[in-house]
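Peer 1: This is the structure I want to talk about, given as structure tokens.
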Amino acid sequence: MRSLPKPDVTGSEVLQLCAASIRDPDLKERLLQAEAVVEAAEELYREHGESTELHAIKGTDTVGGLVSRKEMERVYNGTFVKSRKTRSTYAKLKKACVNDICPLCGQGTVHQLDHYLPITSFPVYGVTAINLVPACSDCNKYKLIHAPANAGEQTIHPYFDEVDDEQWLFGEVVEGTPAVVRFVVNPPDHWDAVQVKRLKTHLRIYRLGTLYSTHAAVEISNMRYALKMMAATPGFAERISKHLRERAESCAQIHKNSWQRATFDALADSDWFSSGGFEAT
């Protein structure tokens, strides 16, 4: 999970751009009338986002009784995503990530924007940038219309949450043929219980345990030949463990909680793996 700077465009500004692209005069007028509603809702969103209480915002079927949910969905999918007047704003939001890497999983490539609070239940945030998070196709698909019912059910929000200050993602080697790395959430003891639950919710909703284990398995396969070469001389177990630890430390310089860092640390901690378990296929 990776944090992102908050967008510098407001929901009302995007709404104006969308309205300018819509030919239906009635819908155009109603969208412009809803501008104040969208502004007030965004202020509420920012307040609740800063206090990690977005779950407390109540869903609605309309935007201030002016624009229906289905209309707002059409505005997002048919206008904001596709219109020449709004496409540059959409693209800018998508390009907020370093190397186009999805901030929700830290692995996939960004292809679209995800409504943190789903547009189906929160149409007032349908084109509000701070509710639109760059996402890979898998993360967007897995989350679907998940709306948090309580604080612990909130996934990590890249615009409001910074969770990379301390290590909380760890790997555990499961000895077998082949070796498997399992991922667990284990933050420092001083962390708030709700924050810990949110991290676990995030991994569950986005199925990151499976994703990371799959990529760890590929990483082990890719390094197997090099480790066999290192094992050709006596004292190889200590040498391999040191090599893996250095790989982990290098990864940690970029992201403390990447699956790569957790993988290499777990492998370095495993005497079984360094002593020959890496050869299991």
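Quick note: the coordinates plus some simple rules give every number you see, no bench work behind them. These numbers come from a predicted model, not from an experiment. Cβ placement follows ideal geometry from the backbone for every residue including glycine, while neighbour counts extend to all protein chains displayed.
Peer 1: Looking only at trypsin sites (Lys or Arg not before Pro) in DSSP loops with at most 12 other Cβ atoms within 10 Å, what is the longest site-free stretch of the chain?
Peer 2: The longest such stretch corresponds to 96-281.
Peer 1: Any idea what angle helix 35-50 forms with the longest principal axis of the chain, computed on alpha-carbon atoms, 0 to 90 degrees, nearest 10?
Peer 2: 30 degrees
Peer 1: List the cysteines of the chain that have no other Cys Cβ closer than 4.7 Å: which are they?
Peer 2: Flagged as lacking a Cys partner: C18, C97, C105, C139, C251.
Peer 1: How big is Rg to Rh over region 169-279, alpha-carbon atoms, Rh as the Kirkwood inverse-mean-distance radius?
Peer 2: Here Rg/Rh amounts to 1.01.
Peer 1: Using the alpha-carbon atoms, what tilt in degrees (0 to 90, nearest 10) does helix 208-230 show relative to the longest principal axis of the chain?
Peer 2: Around 30 degrees separate the two axes.
Peer 1: Here's something else I'd like to know. Arrange Y125, Y45 by Cβ neighbour counts within 10 Å, fewest through most, would you?
Peer 2: Y45, Y125
Peer 1: Radius of gyration and Dmax for region 11-153's Cα atoms, expressed in Å?
Peer 2: 14.8, 43
Peer 1: Additional query: Sort W272, W259, W168 by Cβ crowding within 10 Å, fewest neighbours at the top.
Peer 2: W272, W168, W259
Peer 1: In addition: Below 8 Å between Cα atoms, with a sequence gap of 6+, how large is the relative contact order for region 11-153 in percent?
Peer 2: 28 percent
Peer 1: Set Lys and Arg Cβ to +1 and Asp and Glu Cβ to -1, take the dipole of the chain about its Cα centre, and tell me which of A41, G209, S221 lies farthest positive.
Peer 2: Projecting each Cα onto the dipole axis, the largest value belongs to S221.
Peer 1: If you place +1 on the Cβ of every Lys and Arg, -1 on the Cβ of every Asp and Glu, and leave all else neutral, what size is the dipole of the chain about its Cα centre, to the nearest 20 Debye?
Peer 2: Taking the Cα centre of the chain as origin, the dipole is about 1080 debye.
Peer 1: Still on this model: Can you put S241, S51 in order of Cβ neighbours within 10 angstrom, beginning with the fewest?
Peer 2: S51, S241
Peer 1: On to the next question. Nearest 10 degrees, 0 to 90: what angle lies between the long axis of helix 236-252 and the longest principal axis of the chain (Cα atoms)?
Peer 2: For helix 236-252, the angle is close to 20 degrees.
Peer 1: What GluC sites (Glu not before Pro) does region 25-64 have in DSSP loop regions with at most 15 other beta carbons within 10 Å?
Peer 2: Taking region 25-64 and a limit of 15 other Cβ atoms within 10 Å, the loop GluC sites (Glu not before Pro) found are E53.
Peer 1: Per 5 Å bin from zero, what fraction in whole % of the C-alpha pairs of the chain is there, up to the bin with the longest pair?
Peer 2: Each 5 Å bin holds this share of Cα pairs: 1, 6, 12, 15, 15, 13, 10, 8, 7, 5, 4, 3, 2, 1, 0, 0, 0.
Peer 1: From zero up to wherever the largest Cα-Cα distance of region 137-213 sits, split into 10 Å bins and tell me the percent of pairs in each.
Peer 2: Per 10 Å bin, starting at zero, the Cα-Cα P(r) for region 137-213 comes out as 17, 46, 30, 7, 0 percent.
Peer 1: Sequence gap at least 6, Cα distance under 8 Å: using those rules, report the relative contact order of the chain to the nearest whole percent.
Peer 2: It comes to 18 percent, rounded to a whole number.
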